[in-house]
Amino acid sequence: MYVWGQGVEIGARANRRRTRLGEQDVNAVIQDFLDDPDNPRTFTGAEARSRLERALSTDGNQFISLWTKPRTGRVQARIVPWDEIIDVVTNPRDRSQPWFYKRRWVVEAYDLNLGVERRTYQTAY
């Protein structure tokens with residue numbers, strides 16, 4: 001994987017002239033995201049980056065969903081399969097600016113009482 005051959009370092013520097021009391025440490029937020037135990041497996045780790053790079057070559061698109069827990073601020077990256085994106089809602093004044101992606105997916109659950117598998121469709125923007 002030529003793109004990631006030398007590895008990658010991600011960080012943020014604070015502008016010392018504009019630092020204010022109570023300002024959030026952006027680099028700490030970024031490092032928390034990168035160090036989250038689930039994110040390297042799905043998005044930030046070397047294997048994940050290689051897998052996503054190969055998928056980009058064959059699929060042509062990558063859709064990443066960032067799930068955030070409001071109470072803790074924890075952010076987890078999840079890959080959305082490209083074939084679940086069924087529509088794109090764009091800015092009415094600028095069609096090149098996507099606002100929302102409409103996703104439709106199947107939820108499979110096994111009903112223990114009836115002994116059958118049930119499939120339901122879910123839609124979200």
Cβ charges +1 (Lys, Arg) and -1 (Asp, Glu), total dipole of the range 33-125, debye: 300 debye
Within the chain, what's the longest run with no GluC sites (Glu not before Pro) in a DSSP loop and at most 13 other beta-carbon atoms within 10 Å? Give the range, please. 24-125
For the range 81-125 the mean separation of alpha carbon contacts under 8 Å (6+ apart) over residue count, i.e. relative contact order in percent, is 31 percent
Once you've got the GNM for the chain with C-alpha springs shorter than 10 Å, pick whichever of 95, 41, 54 has the biggest mean-square fluctuation. 95
Rounded to the nearest whole number, the per residue volume of the convex hull around the C-alpha atoms of the range 81-125 in Å³ is 65 Å³
Using a Gaussian network model on the chain with a 10 Å cutoff between Cα atoms, which of 113, 39, 27 fluctuates the most? 113
Around residue 84: net Lys/Arg minus Asp/Glu count, Cβ-Cβ under 9 Å: +1
Gain in span if fully extended, residue 67 to residue 91, counting 0.36 nm per residue against the direct Cα distance: 6.3 nm
Rounded to 10°, Cα long-axis angle of helix 26-35 versus longest principal axis of the chain: 40 degrees
Using a Gaussian network model on the chain with a 10 Å cutoff between Cα atoms, which of 45, 73, 115 fluctuates the most? 115
Quotient of Cα radius of gyration and Kirkwood radius for the chain, i.e. Rg/Rh, equals 1.06
Compute the helix-to-body angle for 46-59: its Cα long axis versus the longest principal axis of the chain, expressed 0 to 90° and rounded to tens. 60 degrees
If the chain between residue 116 and residue 6 were fully stretched, how many nm would it gain, using 0.36 nm times the residue separation less the Cα-Cα distance? 34.6 nm
In nanometres, the difference between 0.36 nm per residue of separation and the alpha-carbon distance of residue 125 and residue 108 is 4.1 nm
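Every number in this text was worked out from the coordinates using simple rules, so none of it is lab data. These numbers come from a predicted model, not from an experiment. Reconstructed Cβ throughout: ideal geometry from the backbone, glycine too, with neighbour counts over all protein chains shown.
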